[in-house]
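The values are calculated or read from the model by the stated rules, or taken from the named source; none is laboratory data. What you see is a predicted model, and the numbers here were worked out from it, not measured in a lab. Here the Cβ positions follow ideal geometry from the backbone for every residue, glycine too, while neighbour counts run over all protein chains shown.
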Amino acid sequence: MALWPVYTGAPEPHDGIAELPPPPPWRDFDGHPVLAPPAEGDDASATSPDRTHRAATYRATGQTVQLVNAALYLRRPLLVTGPPGTGKSSLAYAVARELRLGPVLRWNITSRSSLHDGLYQYDPLSRLYAARQPAARPDGTAPPEPAHPGTGVENHLRLGPLGTALLPYARPRALLIDEIDKSDLDLPNDLLNVLEEGQYEIPELVRASRDAPGGRAEVMADGTDRPVPVEHGRVRCRAFPFVVLTSNGEREFPPAFLRRCVTLRLRQPDDRHLADIVRAHLGEPDDYGQQLITRFLSRVGGGELATDQLLNALYLARASGLGADSLDELAERLMPYLGQSPQPHAF
């Protein structure tokens with residue numbers, strides 16, 4: 001029997017992803033050869049303290065739990081919008097940690113990002129350079145005829161975060177496409193077909209596969225130094241990845257793009273949710289910490305604030321040893337409304 005919810009916001013990881021029911025018939029994928037999910041240690045950046053802390057301390061609301069599960073069940077991307085500091089990117093790490101989806105693949109979007117960047121990178125110049133280098137014999141002497149080791153296309157090609165997420169893994173990978181509203185106007189539309197079809201082609205490998213045994217090439221994937229097999233230059237997923245696209249709400253997206261996403265809007269936490277977040281990061285607040293939380297909540301309606309501003313002030317209140325008057329002044333400077341010019345002060 002299917003398990004709902006698969007993602008619960010629980011503090012301890014579990015294998016509930018194995019209870020996920022079969023996908024809807026229109027979201028069923030059959031990519032091969034099937035790949036074992038990578039271990040957490042395969043990507044050193046995935047085990048960095050900042051990412052592991054964010055994953056372990058994230059506190060999901062009931063609405064967040066429901067919509068994450070909707071995206072998992074429907075095999076659809078999750079578009080997460082909301083003001084800065086509401087935990088949009090941390091959500092991807094929290095879900096990956098709880099459901100043991102392995103290292104989170106991350107694609108940071110800029111105004112110059114293109115679909116090609118996310119799928120794979122190919123360096124023809126390095127291939128040309130390798131072709132010009134003669135291979136030496138074991139005794140160090142030059143060969144009688146030029147040899148060209150490493151000149152195969154696959155040796156100069158690496159899958160990007162999106163391209164890696166769509167490999168035919170046995171269980172979903174987690175992919176964070178961060179700040180997609182910074183992209184140019186074409187990227188959301190360019191993503192439509194890839195995310196809908198769950199597959200893509202690498203033209204350079206399609207051509208090269210005609211001469212490869214079985215049409216197979218071994219290519220490097222994002223976040224690891226272990227090659228993965230690609231057959232006939234085509235990549236098709238098996239378990240559709242858990243894709244989180246974040247947006248600060250700075251632009252509108254095409255209806256066709258929105259139709260293919262499950263949309264979650266995060267808001268500033270209320271007093272109970274904020275208290276849970278503070279306890280997860282810093283433990284139970286002292287009396288002065290409670291005053292800072294009350295002051296933060298009283299100011300939320302007057303402008304845009306981020307939860308990490310409060311966490312910074314609470315940490316310094318505990319670690320700095322400053323008196324109450326100095327802490328009050330420091331907290332005021334640490335918690336300005338976002339977008340507001342800092343007030344001048346003397347040093």
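Quick look at the values:
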quantity: Pick from segment 280-312, criterion among the β-branched types (Val, Ile, Thr) and at pLDDT 90 or above, ranking: farthest from ALA324 (Cα to Cα); calculated: THR307
quantity: Restricting segment 182-218 to residues that are of a type in the set (A, V, I, L, M, F, W, C) and in contact with a Phe, Trp or Tyr (Cβ under 8 Å, 6 or more places away or on another chain), the residue that is surrounded by the most Cβ atoms within 10 Å (Cβ to Cβ); calculated: ILE202
quantity: Every pair of residues 6+ apart whose Cβ atoms lie under 9 Å, when the first sits in segment 276-289 and is free of Cβ contacts under 8 Å to residues at least 12 places away in the same chain and surrounded by fewer than 16 Cβ atoms within 10 Å (Cβ to Cβ) while the second is among the β-branched types (Val, Ile, Thr) and part of a helix (DSSP H, G or I); calculated: GLU284/VAL278
quantity: Hits in segment 190-204 (condition: part of a helix (DSSP H, G or I) and at pLDDT 90 or above); calculated: ASP190, LEU191, LEU192, ASN193, VAL194, LEU195, GLU196, GLU197, PRO203
quantity: Which listed residue is under 27 Å from HIS281 (Cα atoms) and touching a strand residue (DSSP E or B) at 6+ places or on another chain (Cβ under 8 Å), from GLY9, GLY16, GLY102; calculated: GLY102
quantity: Among (1) within 27 Å of ALA275 (Cα to Cα); (2) at pLDDT 90 or above; (3) within 16 Å of the chain's Cα centre (by Cα) - the single one ALA71 does not satisfy; calculated: (1)
quantity: Residue list for segment 93-122, restricted to those being under 18 Å from LEU167 (Cβ atoms) and among the small types (Gly, Ala, Ser); calculated: ALA96, GLY102, GLY118
quantity: Segment 298-325, residues that are in contact (Cβ under 8 Å) with a residue 12 or more places away in the chain and either in contact with a Pro (Cβ under 6 Å, 6 or more places away or on another chain) or more than 22 Å from ARG54 (Cα to Cα) (or both); calculated: ARG299, VAL300, GLY302, GLY303, GLU304, ALA306, ALA324
quantity: Residues within segment 240-294 that are among the charged types (D, E, K, R) and more than 18 Å from THR57 (Cα to Cα), tallied; calculated: 8
quantity: Failed item, numbered, when ASP50 is tested on (1) in contact (Cβ under 8 Å) with a residue 60 or more places away in the chain; (2) out of contact with any Asp or Glu (no Cβ under 9 Å at 6 or more places or on another chain); (3) of a type outside the set (A, V, I, L, M); (4) not in a loop (DSSP other than H, G, I, E, B); calculated: (1)
quantity: In segment 51-88, residue surrounded by the most Cβ atoms within 10 Å (Cβ to Cβ) [restricted to those that are under 15 Å from ARG106 (Cα atoms), out of contact with any Leu (no Cβ under 7 Å at 6 or more places or on another chain) and of a type in the set (D, E, K, R)]; calculated: ARG51
quantity: Inter-residue pairs, beta-carbon under 7 Å, first of a type in the set (S, T, N, Q) and in segment 11-28, second assigned to a helix (DSSP H, G or I), 6+ apart; calculated: none
quantity: Lone qualifier among LEU35, LEU91 - being buried (at least 21 other Cβ atoms within 10 Å of the Cβ) and either aliphatic (A, V, I, L, M) or not assigned by TED's automatic domain parsing to the domain that holds SER247 (or both); calculated: LEU91
quantity: Some residue of segment 208-222 being touching a Pro at 6+ places or on another chain (Cβ under 8 Å) and assigned to a loop (DSSP other than H, G, I, E, B); calculated: yes
quantity: Breaking point among (1) closer than 25 Å to LEU310 by Cβ; (2) of a type outside the set (Ser, Thr, Tyr); (3) surrounded by 17 or more Cβ atoms within 10 Å (Cβ to Cβ), for ILE17; calculated: (1)
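Every residue, every condition in (1) hydrophobic (A, V, I, L, M, F, W, C); (2) touching a Phe, Trp or Tyr at 6+ places or on another chain (Cβ under 9 Å), yes or no:
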position	(1), (2)
THR8	no, no
ASP15	no, no
PRO24	no, yes
GLY31	no, yes
LEU35	yes, yes
PRO38	no, yes
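The rows are residues; the columns are (1) assigned by TED's automatic domain parsing to the domain that holds ILE293; (2) modelled with pLDDT of 95 or more; (3) part of a helix (DSSP H, G or I).
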residue	(1), (2), (3)
VAL206	no, no, yes
PRO229	no, no, no
ARG238	no, yes, no
PHE253	no, no, no
VAL278	yes, no, yes
